[in-house]
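Below: the structure, in structure tokens.
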Amino acid sequence: AVLDHGINLLDTAPWYGHGISEIVVGYALEDILSGDGGNHTGDDAIRRDELIINTKVGRYEADPAHQFDFSYDRVLSSIQTSIQRMKCDYVDVIQLHDPEFSPSVGLLLEETIPALLLAKERGWARSIGITGYPLEVQRELLLRSARDGGEGFVFDQSLTYCHCNLHDMSLFIAPPPPGEDVPSTVSLNSDLDKTVVASNATDLADTEQNSHHQQPQEPASSFADFCNSNSIVLLAAAPLSMGLLTQAGPPDWHPASPKLKHACRNAAYICKEEYGVDIASLAILFALAQVDIPCTLLGMKSVEEVDRAMELARRFDVGRIAEDSTTEKVLVEVLNVEEKE
């Protein structure tokens, strides 16, 4: 269904289903790919280079004792296992998964990242990415891992989640001065933010003091501006905020505060009862309208969900929307499509 609609990016991870997601992707690719990567020989066969396949390293098992492993050897073996599971010859982007849970930044700099670079050198991956929840942890690690001599950054891509939606636009907000908190109204879980960032702050500072080369200076800008100014491709996932912005509401495990859950539940009720609008549709349109985000990742578990998402995406008619449009102008345009037609 996704290929029929022209969607060609698959984002997965060993952590998703603890390997099952990658195995399912492998079965699908075997059926649709032509050539060495698959068994399909019909006119509708897909070449491997027509797909973008991203996966991750660092987070694996449900058992807390074996959930994270950022070691050099495990990173390399994980990439090979992912390629074998998905039968895809290589991955387009290999992403460092949730580095905020690494026992030390030193481990990431000395083992994880060198392993990722070797995988890229060997052709197992075309690009290197990073993904995690706290934006400041991503920013600091991007800076600490910058190449010597000012030759750019090790990471080609950053995947963020739950920071570009109706209740949280912190992706576009400059970080507060040291000692000040991020406003809790924009954060999925402000306590989680503060705990994770604080736990890494000392380690990051120690790494900087022990560094033997000059690192680039961090600009006083939002994370989106930081990535764009440093040629790091920025992706945003979870426009529905992991279920918060839906009529059904989030799952029981959702980390959001009771206050935020209550606010989103009220917003969903108002959208439905007073305006006849599904808040999930509004949230998807809002995310897709962000002109500074080239790709929004949306999880879809059925053909019906794929079809509905594409109905919304088709409102973004490039013939109607000017190239220099702002996000506000795009939103006005797509929200009024049905009325105009």
Could you tell me which residue out of 60, 88, 99 lies farthest along the dipole of segment 55-115 toward its positive end? Charges go on the beta carbon: Lys and Arg +1, Asp and Glu -1, centred on the Cα centre.
88
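Taking a ≥ b ≥ c as the square roots of the eigenvalues of the Cα gyration tensor of segment 248-298, is the shape rounded (a/c under 1.5), prolate (a/b larger than b/c) or oblate?
Values: a/c = 2.40, a/b = 1.28, b/c = 1.88.
Cα axes put segment 248-298 in the oblate bin.
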Classify segment 237-323 as rounded, prolate or oblate from the Cα gyration tensor: take a ≥ b ≥ c as the square roots of its eigenvalues, call it rounded if a/c is under 1.5, otherwise prolate when a/b beats b/c and oblate if not.
prolate
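When the chain is fully extended, how far beyond the present Cα-Cα distance does residue 174 get from residue 292, taking 0.36 nm per residue of separation? Walk me through the intermediate numbers first.
Working: separation 118, 0.36 × 118 = 42.48 nm, distance 1.51 nm.
Once the chain is fully extended between residue 174 and residue 292, it gains 41.0 nm.
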At q = 0.16, 0.19, 0.22 Å⁻¹, what is the log10 ratio I(q)/I(0) for segment 63-154, with the Debye formula run over Cα points and no solvent?
-0.66, -0.92, -1.20
Quick one: which residues, 5+ away or cross-chain, put their amide H under 5 Å from the amide H of residue 125? H built at 1.01 Å from N.
91, 120
Could you tell me the accessible area of residue 15 in Å² (1.4 Å probe, neighbours in place), rounded to the nearest ten?
60 Å²
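The values are calculated or read from the model by the stated rules, or taken from the named source; none is laboratory data. Owing to the predicted nature of the structure, the values given are computational and were not obtained by experimental measurement. Glycine also receives a Cβ, built like all others from the backbone with ideal geometry; neighbour counts cover every protein chain displayed. When the accessible area is computed, the model is the full protein with side chains, heavy atoms only, and any ligands, DNA or RNA have been set aside. Shrake-Rupley method; radii C 1.70, N 1.55, O 1.52, S 1.80 Å.
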